[in-house]
1. What ranking, highest mean first, results for peptides 102-113, 71-82 when packing means the other Cβ atoms within 10 Å averaged over each residue?
2. Is region 124-232 rounded, prolate or oblate when judged by the Cα gyration tensor, a ≥ b ≥ c being the square roots of its eigenvalues, rounded requiring a/c under 1.5 and prolate requiring a/b larger than b/c?
3. Starting from the Cα of Val53, step 7 Å along the direction of its Cβ; do the same at Arg171; then give the gap between the two resulting points in nm.
4. Can you tally the net charge around Gln177? Count Lys and Arg as +1, Asp and Glu as -1, for every other residue whose Cβ sits under 13 Å from the Cβ of Gln177.
5. Expressed as an acute angle from 0 to 90° and rounded to the nearest 10, what is the orientation of the C-alpha long axis of helix 277-292 relative to the principal long axis of the chain?
6. With the dipole of the chain worked out from charges on the C-beta (+1 for Lys and Arg, -1 for Asp and Glu) around the Cα centre, which of Ile85, Leu210, Leu157 lies farthest toward the positive end?
7. Full-extension gain between Met271 and Lys211, please, as 0.36 nm times their residue separation minus the C-alpha to C-alpha distance.
8. Given the rule -39500 (n - 2.57) for each run of at least 4 DSSP H residues, summed and divided by the residues of the chain, what is its mean residue ellipticity at 222 nm, to the nearest 500 deg cm²/dmol?
Amino acid sequence: MLSTFVIVVVLLALAFDYINGFHDTANAIATVVGTKVLTPAKALLMSASLNFVGAMINTEVAATVGKGIVKEGVATPELIAMALIGAIAWNLITWYLGIPSSSSHALIGGLIGAAIAAHKFDLAVIKWNGFFNKIIIPLITSPIAGLIIGFLFMLALTWLFHKATHVRVNRLFKRLQILSAALMSYSHGSNDAQKSMGIITLALVAGGFLKNFEVLWEVKLACAAAMAFGTMSGGWKIIKTMGVNMIKLEPINGFAAETAAAITIQTATFMGAPVSTTHIIGSAIMGVGAAKRLSAVRWSLAQNILVAWVLTIPCSAVIAGLCTLLFYR
């Protein structure tokens, strides 16, 4: 039988996945909506479907989240519940403010903050090698990769089509951008939904329901469905920030940004690194904009997004830590 707190963790993890879906909808469809290639309703339907498919495929990232951050025996269902509350709270704050922050790193920050607070601020409960190698290094390198790939890809497309008319280029890339948005949606599901799978599986192991860390198909299905439903709810504030306010996008720009981001995310997923799809698509859009001209990017807005990226892990850790301290009083 599942304990009460394991059930609470499962429900919170699914709620987190749902919020992740509407919070990070912008990652997959902001550019395709911003360029008016698809209507919001059609973009959401496509994104939700491919998020679901992507979420059912891989488990490498789930293993990193479930086994690679806190040491064995540290996590309890109660602690994991506090971690999820911290992550959900930060997600809702940034969603309300329309800031594209990372749901992935909110969850990781929540787990670290709850674990440290629950064990009297003992830093040894964290697997710091795994944290730096699997979290911090990809956190830094993946947006850089997205920016560079987006910049170079946009330069290559500009050179290839410099003799084509604007009308012809738009007509071609309106079709191609649907494919790139679909790949981005699949990539988002294949990386992001695994975080909740890892958390739920960790809770099942901590609660004694599972002996070994193994993601059950029922867990995959539940997390995939929660993310798909969340995606269908939309995240219009962040879509506006990413797809409209950052740079003026045309279909060729959207195609370049989405393709660059999807390549980066798929590489990280293959390596089992829980990266931020928000960081990557945001940096890819900046790279594409910079390839047009540096002034095409609204760098003041990009600076605000960067601040949110830096603050996500510590802020979610603090929220989860305070919740943990209150819970164990």
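1. Values: 102-113: 29.8, 71-82: 21.1.
Going by the mean number of other Cβ atoms within 10 Å, highest first, we get 102-113, 71-82.
2. Working: a/c = 5.15, a/b = 1.92, b/c = 2.68.
Oblate is the answer for region 124-232, as a/c is 1.5 or above yet b/c matches or exceeds a/b.
3. My value for the distance between the label points is 2.8 nm.
4. Working: positive: Lys36, Lys42, Arg171, Lys174, Arg175; negative: Glu250, Glu258.
Its environment carries a net charge of +3.
5. 20 degrees
6. The one lying farthest along the dipole's positive direction is Leu157.
7. On the way: separation 60, 0.36 × 60 = 21.60 nm, distance 2.51 nm.
That works out to 19.1 nm of additional length.
8. Working: 13 runs with 244 residues, N = 329.
One gets -25500 deg cm²/dmol as the mean residue ellipticity at 222 nm.
Taken together, the values in this text are just the output of simple stated rules run on the coordinates, not laboratory data. Here the structure is a predicted model, which means the values were calculated and not measured. When we count neighbours, we look across all protein chains shown, and the Cβ atoms used for this are built from the backbone with ideal geometry, even at glycine.
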